[in-house]
1. Which distance in Å, rounded to a whole number, links the C-alpha centroids of the range 181-200 and the range 61-118?
2. When ranked by the protection proxy of mean other Cβ atoms within 10 Å per residue, highest first, what sequence do the peptides 195-204, 124-133, 149-158, 77-86 form?
3. 5 Å is the cut-off here: which amide hydrogens, built 1.01 Å from N in the peptide plane, fall below it relative to Thr219, excluding neighbours closer than 5 in sequence?
4. Determine which lysines satisfy two conditions relative to Lys201: a Cα distance under 26 Å, and not lying fewer than 8 residues away in the same chain.
5. In degrees between 0 and 90, to the nearest 10, how far off the longest principal axis of the chain does helix 3-16 point, with axes built from Cα atoms?
6. Between Ser94, Ser165, Ser16, where does the largest GNM mean-square fluctuation fall for the chain, given springs only between Cα atoms within less than 10 Å?
7. Using only Cα atoms, find the angle between the long axis of helix 229-253 and the longest principal axis of the chain, and express it within 0 to 90 degrees, rounded to the nearest 10.
8. What lysines does Lys108 reach when the alpha-carbon gap must be under 20 Å and sequence neighbours fewer than 8 apart in one chain are set aside?
Amino acid sequence: MTAARVVRSEWTKIRSVASTVWTLSVAVVVTVALGMLISALTNHEFATMPDRDRLSFDPTFISFAGMSLGQLAMIVFGVLVVANEYSTGMIRTSLAAVPQRGTFLSGKIAVATLLALAVSLATSFVAFFAGQAMLGAHGTSLGEPGVLRAVIGGGFYMTLIAVFSMGVAAMLRSPMLSLGVLMPFFFLISNILGNVSATEKIGRFLPDQAGSKVMRVVTPVDDDTPYGPWGGLGIMLLWVIAALVGGYLMLERRDA
C-alpha cells in the first residue's frame, strides 16, 4: 500500500472513532473554560496581589492555565490513536494490509499529528483571546513582544504532548498501561521533581516543564532556567523523537 493510501486509511480510522473526536473536543472546552475562569479570578484579585507577584505577572501565560487539564485530553487522544488497534485486535489486520511497519506507523502519526496541531493552534488562540477578555485592563494583545510566539507555542506544546503519548503508546501497546504510565509521569512525578528544591534542576528538563516555557512572555523573578522559550520546546521535541523512535523499534521487533 502506498503512503498516500495509508494516510487516507488512517484519516478514516481517526474520524470514524467517536472516542478520539470526543477527547479533542474535551481538550478544547477544558482548556478555554478553565483559562477563562482562572483569568477572571486573577483579574478580581489583582488589586490584592503581592508586589512580587505583580512583577512576574504574565497575562498571556494566565490565559493558558487550562492547558494543565487540556493536556490530559491530548494524552488520551494520543494513546487512543495508537493503542486502540492493539486492544481491539485490529492491529493484525492493519499490518497485514500494510506490511511495511515504518510506513504504517509514520502514516498514523502524521495524520494524528496534523489533526492535533490544527485543534491545538485553534485552542491556543481561542484560550488567549478569551483569557484576555476576562483579564480586562490587566490583559495584553498579540502585538506585544513575545505574545504571538507564546500563543503559537501553546499550540505546538499541546501537539507535542499528544505526539509524545503516541510514541509511548506504540512502545507499550496497551491503552490502560500507557495511560497508567503517562498520567503519573506528567501529573505526579513531573510536579514533584519540579517543586522540590533538591530535584528542580532535573525537573526542568522533563518534556512538559521544558515545553511550557514557550508559553511564557514574562520571566519570573527567581527563574534561573538555563534555556529560553524555543530552547525549552526543543528539549520537549527531543523527548518526542525518542518516544517515536522507541515506538518504531518496538513495532519492528515484536509481533502484533
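Just so it is clear, none of the values below were taken in a lab; they were calculated from the coordinates. On a predicted model such as this, the values are computed, not experimentally measured, just so you know. In this analysis, Cβ positions are derived from the backbone assuming ideal geometry, glycine residues included, and neighbour counts consider all displayed protein chains.
1. Here the answer is 24 Å between Cα centres.
2. So the peptides 195-204, 124-133, 149-158, 77-86, ranked by packing, come out 77-86, 149-158, 124-133, 195-204.
3. Correct list: empty.
4. Qualifying lysines at Cα under 26 Å: Lys213.
5. 70
6. Among Ser94, Ser165, Ser16, the largest GNM mean-square fluctuation belongs to Ser16.
7. 20
8. Partners within reach: Lys13.
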